[in-house]
Amino acid sequence: MTQNLPHHHGNSEEKIREHLPNREEITGVAEAMKQLGDPSRLQIFWLLCHCEECVLNIAALMNMTSPAVSHHLRLLKSSGLIVSRREGKEMYYRTADTDLAQTLHRTIETIARITCPEN
Ligand SMILES: [Zn+2]
């Protein structure tokens with residue numbers, strides 16, 4: 001049996017309670033958004049929404065060292081926002097083909113008023 005709320009403010013409490021995401025469902029989203037809380041990672045994520053690139057090119061585009069870029073790529077990859085592909089000695093990175101990554105891509109562009117080069 002669910003406990004009644006201490007106060008009533010005219011909200012449809014039952015409906016809200018019913019739809020409240022559980023911790024397991026929301027953890028992956030929170031982790032992904034936490035990783036995008038860093039401006040460099042946000043830029044790298046956005047960049048990889050539009051092209052598949054290697055560490056050296058990302059570093060050149062970002063004006064960063066490749067160890068710094070590698071660090072950000074590891075975090076983005078472990079949160080499931082980007083994927084990598086090996087071709088010979090080279091490793092290529094791009095945004096994951098998931099609803100979450102695509103939604104975050106559009107959200108970043110909407111909030112920051114960035115024009116998507118794909119449009
Ligand atoms: Zn875009």
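Note on Thr110 and Asn63: the model spin-label points, each 7 Å out from Cα along the C-beta direction, lie 3.1 nm apart.
A 1.4 Å probe run over the chain, with the rest of the protein chains in place, finds 72 Å² accessible per residue. Measuring only protein heavy atoms, the 1.4 Å probe finds Ser66 accessible over about 40 Å².
Per residue, the convex hull around the alpha carbon atoms of the range 13-112 comes to 113 Å³. Positive end of the dipole of the chain (Cβ unit charges, origin at the Cα centre): among Gly28, Ser40, Ser12, the Cα lying farthest that way belongs to Ser40. Counting protein heavy atoms only, the chain has 54 percent of its accessible area on carbon and sulfur, 1.4 angstrom probe.
Applied to the range 4-18, the Karplus parametrisation 6.51 cos²θ - 1.76 cosθ + 1.60 on θ = phi - 60° returns per-residue 3J(HN,Hα) values of 6, 6, x, 10, 10, 10, x, 8, 7, 4, 4, 5, 5, 4, 5 Hz, with x for Gly and Pro.
Considering only alpha-carbon pairs that sit under 8 angstrom and 6 or more positions apart, the relative contact order computed for the chain is 23 percent.
Each Lys and Arg Cβ is given +1 and each Asp and Glu Cβ -1; about its Cα centre, the chain then shows a dipole of about 340 debye. Residue by residue, the range 20-34 carries 3J(HN,Hα) couplings of 4, x, 7, 4, 5, 4, 9, 4, x, 5, 4, 5, 4, 5, 4 Hz when phi is fed to the Karplus relation 6.51 cos²θ - 1.76 cosθ + 1.60 (θ = phi - 60°); x denotes Gly or Pro. The GluC sites (Glu not before Pro) of the range 1-103 that DSSP puts in a loop, and whose beta carbon has at most 15 other beta carbons within 10 Å, are Glu52. Extension gain, Thr103 to His8: 0.36 nm times the residue separation minus the Cα-Cα distance gives 30.8 nm.
Sequentially through the range 89-100, phi angles give Karplus couplings (6.51, -1.76, 1.60; θ = phi - 60°) of 8, 8, 10, 10, 10, 8, 5, 5, 8, 10, 4, 4 Hz, Gly and Pro residues having no value and appearing as x.
A straight Cα-to-Cα reach below 15 Å connects Lys89 with the aspartates and glutamates Glu53, residues fewer than 8 places away in its own chain not being considered.
For Tyr92 and Arg17, a Förster radius of 35 Å and the Cβ-Cβ distance give a FRET efficiency of 0.20, rounded to the nearest 0.05. With 0.36 nm allotted per residue and the present C-alpha distance subtracted, the Arg74-Ser40 stretch has 10.9 nm of extension available. A Förster radius of 22 Å, combined with the Cβ-Cβ distance separating Glu118 from Glu31, puts the computed FRET efficiency at roughly 0.25.
The values are calculated or read from the model by the stated rules, or taken from the named source; none is laboratory data. A quick note: this is a predicted structure, and the numbers were derived from the prediction, not measured. Ideal geometry is used to build each Cβ from the backbone, glycine not excepted, and the neighbour counts take in all protein chains shown. Ligands, DNA and RNA are excluded from the accessible area calculation, which covers all protein heavy atoms including side chains. Shrake-Rupley method; radii C 1.70, N 1.55, O 1.52, S 1.80 Å.
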